[in-house]
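> Okay, handing you the structure first.
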Amino acid sequence: MQCESSQELKGLIDEAKIYTKDGQVAQYIPALRDADPDKLAVAVYYPDGSCYAAGDVRHKMSLQSISKVITLALALIDRGEDVVFDHVGKEPTGDPFNSIIKLETISPSKPLNPMINAGALAVTHMLIGNTVEERFERLLNFVRELAGNSTITYNEEIAKSEFETAELNRAFCYYLKQHNVINEDVEELIDLYTKQCAIEVNSVDLARIGCVFAMNGIDPVTDKQVIPASVVRICKTFMVTCGMYNASGEFAIDVGIPAKSGVSGGVMGAVPHKCGIGIYGASLDDKGNSVAGLKLLEMMSRKYDLSMF
Ligand code: GLN
């Protein structure tokens, strides 16, 4: 993995770093509590395979909700649009990612979109394979392919820690099972989902995956179509409308980049036809988004004119 350090990005990191003080690292998954809130990293990956970075770029983070875009892509490849959208909707909620409230008020009772936890669980349910191990292995290999990094694996401690505490996610699953959105064993689905969320990457991996999405599914190094363009289009649209949960509208105005965040502090951006961006900053705002990471993206969007709007 080649990535040059950039003084310009370092300047932006230094500017954005003060905002880490405005947030807090995720508390509800015990294994994430000890993350260093001061760390901040950014990598930018271009379609010609060049990469520029600054900050703690080698620092590993678990994908958490960023994995939701990747499982959505895989489920769309595996099952096709009709089956996927039989199980999950296409509308933003305006509610937090772990809210249960709209599940009961909409009809038919299926999660509103694949970026909230209930929707992501319905999507993970659709991943093909005979066992949890087989389904997870396929997902992991897909992530490795997108990142061009065969060493990527998952953090067992984080997966276990979330598995042991994910009662709200279990509640979503039971609700979905009652309403025939899913029909598998809940413990197995939570096992697969928590492993998916615990897949570990660094900012460069994230930026490279973002670049594949930015280039409509074309791998920046091999030039291979690794995700069909029609699937990428759907994923990027969800990143715009729901990628930052109930901060997605504000983010579209302030930054204007298809992006997805996770509670580990990662943010993956896909600037259409331009580049992929990977950010790490564990200190989160009250909506679960990296507080300095979002500031950094806002600065980058202004400086490099990245907004698509
Ligand atoms: N694994 C986390 C959860 O299900 C992912 C949430 C997130 O990153 N927002 O709660």
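The values are calculated or read from the model by the stated rules, or taken from the named source; none is laboratory data. Quantities reported herein were computed from a predicted structural model and do not represent experimental measurements. In this analysis, Cβ positions are derived from the backbone assuming ideal geometry, glycine residues included, and neighbour counts consider all displayed protein chains. Accessible surface is based on the protein model in full, side chains and every heavy atom, while ligands, DNA and RNA are left aside. Shrake-Rupley method; radii C 1.70, N 1.55, O 1.52, S 1.80 Å.
> Kindly list the number of the only condition in (1) more than 14 Å from the ligand (Cβ to nearest atom); (2) over 21 Å from Leu146 (Cα atoms); (3) in a loop (DSSP other than H, G, I, E, B) that fails for Val83.
All conditions pass for Val83, except number (3).
> Okay, next question. Residues in the stretch 193-203 that are buried (at least 24 other Cβ atoms within 10 Å of the Cβ) and more than 12 Å from the ligand (Cβ to nearest atom): how many?
Count: 3.
> Of everything in the stretch 60-84 that's open to solvent by 50 Å² or more (accessible area, probe 1.4 Å) and touching a residue at least 12 places away in the same chain (Cβ under 8 Å), which residue is nearest to Ala16 (Cα to Cα)?
Checking each candidate, the answer is Lys60.
> Considering only the stretch 15-47, state which residues are of a type in the set (D, E, K, R) and in contact with a Leu (Cβ under 9 Å, 6 or more places away or on another chain).
First pass over the stretch 15-47, keeping only residues of a type in the set (D, E, K, R): 15, 17, 21-22, 33-34, 36, 38-39.
Across the stretch 15-47, the qualifying residues are Glu15, Lys17.
> If only one of Gly55, Gly94, Gly49 is among the small types (Gly, Ala, Ser), away from the ligand (no atom under 16 Å from the Cβ) and over 27 Å from Gln225 (Cα atoms), which one is it?
Exactly one residue qualifies, and that residue is Gly55.
> Now, a different point. I need the full set of residues from the stretch 144-163 which are free of Cβ contacts under 8 Å to residues at least 40 places away in the same chain, open to solvent by 50 Å² or more (accessible area, probe 1.4 Å) and within 16 Å of the ligand (Cβ to nearest atom), in order please.
Hit for the stretch 144-163 is Phe163, nothing else.
> In this structure, is Phe238 under 24 Å from Met299 (Cα atoms), touching a Pro at 6+ places or on another chain (Cβ under 9 Å), of a type outside the set (D, E, K, R) and in contact (Cβ under 8 Å) with a residue 12 or more places away in the chain? Can you show your working first?
Details: under 24 Å from Met299 (Cα atoms): yes; touching a Pro at 6+ places or on another chain (Cβ under 9 Å): yes; of a type outside the set (D, E, K, R): yes; in contact (Cβ under 8 Å) with a residue 12 or more places away in the chain: yes.
Yes; evaluated as a whole, the condition is true for this residue.
> For Met300, state whether it is open to solvent by less than 10 Å² (accessible area, probe 1.4 Å), more than 16 Å from the ligand (Cβ to nearest atom), in a helix (DSSP H, G or I) and modelled with pLDDT of 95 or more.
In short, yes.
> Taking the condition of being crowded, with 18+ Cβ neighbours inside 10 Å and either in contact with a strand residue (DSSP E or B) (Cβ under 9 Å, 6 or more places away or on another chain) or modelled with pLDDT under 95 (or both), how many residues in the stretch 228-239 meet it?
5
> If you don't mind, there's one more thing I want to ask. Only one residue in Val44, Val57 is touching a Cys at 6+ places or on another chain (Cβ under 7 Å), surrounded by 20 or more Cβ atoms within 10 Å (Cβ to Cβ) and assigned to a loop (DSSP other than H, G, I, E, B), so which one is that?
Answer to the check: Val57.
> Out of the residues in the stretch 1-23 that are in contact with a strand residue (DSSP E or B) (Cβ under 6 Å, 6 or more places away or on another chain) and of a type outside the set (Ser, Thr, Tyr), which is nearest to the ligand (Cβ to nearest atom)?
Ranking the candidates gives Gly23 first.
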